[in-house]
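The values are calculated or read from the model by the stated rules, or taken from the named source; none is laboratory data. Because the structure is predicted, anything quoted here is derived from the model rather than measured. Cβ: placed from backbone, ideal geometry, glycine included. Neighbour counts: every protein chain shown.
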Amino acid sequence: MTVLQPSPVCFEWLTFRQPAVRDLAFALASPPLLSQWPTEFAPHRTIDLPDHQFWQSHYQRYLPRLRALDDDPTELNQELAKLPSSRLGIRFEALLSFWLNDRSGHWHDFELLAKNIQLKDEKRTIGEVDFIIENKLTGEIEHWELSLKFYLGEGALQPYEWRGLNDRDTFGRKIKHTLQRQFNVDLIHLPEIGEKTINKRVAVFKGRLFYPDQVANSARESLENWLHPEHLQGTWGYYLPKEITWRRAARREWLTPEPRPLEQIKPTYLIHGLYLGAPSGPEINDQINPIERMIRVPFVRYPYNKTYNAHTDCKPIA
């Protein structure tokens, strides 16, 4: 049985009071999921994976601005309020876009030239480019693709054995799609920027990986060559241990939880999703690192009901 405990990583983003600022700090400071491409997914061209040092250096550089936003988050909140969806990937993209577009100081050496560019073959959409960026230090045009993912490990913990709550969404499938489909652009032409040659390609993978309750050491050792050693972790299972006080996380809290929620109500029924536990461990700046556990309810095909009843259609806690 995996011991449930808070991560030893100091989650700096939890020290901010404002949820949007915590999420922005997370987008910059959190470690990547990948340290290199798995050997079975050899890219046909060079695609960089920014390391933890890259993100930490930019977080430290942006820290004065984050503190100012924590005092007055109006500008950031207004940008996030424009989002057309509550999907976490869209929020993650908007947070990094806010950082790249922030001209309140010299926070980085990038210029975001364009984002969410639809690629068309005659009248058919064949793909989308997340960010086109000019690096002011090198003069290079960079193509960035962003991924925020939460996967549950199974079996030997190989790429296709990391699954989302949607079983079709696997880490292996996402990596393959990124390498084979998302970086096939060499030239980009837009009226506002003209024609630009892509000089550098960058894949950003962030999020959290949830390990099963029982996992062999040999399986963990096999991950060392492709998963980043500091990637964020949790556990997953079909139940919640009773010795810990749990609550179900709101969807936004998948990025950063409320460090001190107003209430800690133990769920009566389990449904798919993220649950946060209150540990008895050390506090960081008077903020508590929660224990994060993903619950996957065993699939049961219920007969059709005109009305959904939480007391009959969810798995009760044992």
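With the condition kept exactly as written, say whether any residue in region 34-54 is modelled with pLDDT of 95 or more, within 27 Å of residue 250 (Cβ to Cβ) and not charged (D, E, K, R). No, every residue in region 34-54 fails to be modelled with pLDDT of 95 or more, within 27 Å of residue 250 (Cβ to Cβ) and not charged (D, E, K, R). Scanning region 155-177 for residues that are in a helix (DSSP H, G or I) and under 19 Å from residue 87 (Cα atoms) yields 171, 174.
When you go through (1) in contact with a Leu (Cβ under 8 Å, 6 or more places away or on another chain); (2) over 22 Å from residue 96 (Cα atoms); (3) of a type in the set (Gly, Ala, Ser) one by one for residue 127, which number turns out not to apply? For residue 127, the exception is condition (2). Of the residues contained in region 4-20, none is found to be out of contact with any Cys (no Cβ under 7 Å at 6 or more places or on another chain), farther than 21 Å from residue 259 by Cβ and among the hydrophobic types (A, V, I, L, M, F, W, C). Condition check: of a type in the set (S, T, N, Q), at pLDDT 95 or above, over 21 Å from residue 132 (Cβ atoms) and surrounded by fewer than 17 Cβ atoms within 10 Å (Cβ to Cβ). Does residue 101 satisfy that? For residue 101, the condition - of a type in the set (S, T, N, Q), at pLDDT 95 or above, over 21 Å from residue 132 (Cβ atoms) and surrounded by fewer than 17 Cβ atoms within 10 Å (Cβ to Cβ) - is not met. Yes or no: region 216-223 includes at least one residue that is closer than 23 Å to residue 98 by Cα and either part of a helix (DSSP H, G or I) or more than 19 Å from the chain's Cα centre (by Cα) (or both). Looking through region 216-223, none of the residues is closer than 23 Å to residue 98 by Cα and either part of a helix (DSSP H, G or I) or more than 19 Å from the chain's Cα centre (by Cα) (or both). Considering only residues in region 10-46 that are among the acidic types (Asp, Glu) and over 15 Å from the mean Cα position of the chain (by Cα), the one that is surrounded by the fewest Cβ atoms within 10 Å (Cβ to Cβ) turns out to be 40. Are any of the residues in region 85-104 assigned to a helix (DSSP H, G or I) and basic (Lys, Arg)? Yes, some residue in region 85-104 is assigned to a helix (DSSP H, G or I) and basic (Lys, Arg). Within region 133-154, one or more residues are outside any strand (DSSP E or B), aliphatic (A, V, I, L, M), surrounded by fewer than 16 Cβ atoms within 10 Å (Cβ to Cβ) and at pLDDT 95 or above.
The set of residues in region 47-81 that are exposed (fewer than 14 other Cβ atoms within 10 Å of the Cβ), more than 20 Å from the chain's Cα centre (by Cα) and farther than 22 Å from residue 109 by Cα comprises 71, 72, 74, 78. What are the pairs with Cβ atoms under 8 angstrom where one residue, in region 172-201, is without any contact (Cβ under 8 Å) to a residue 24 or more places away in the chain and the other, located anywhere, is among the hydroxyl-bearing types (Ser, Thr, Tyr) and outside any helix (DSSP H, G or I)? Sequence gap at least six, or different chains. Listed by first residue and then by second, the contacts come to 186/197; 187/197.
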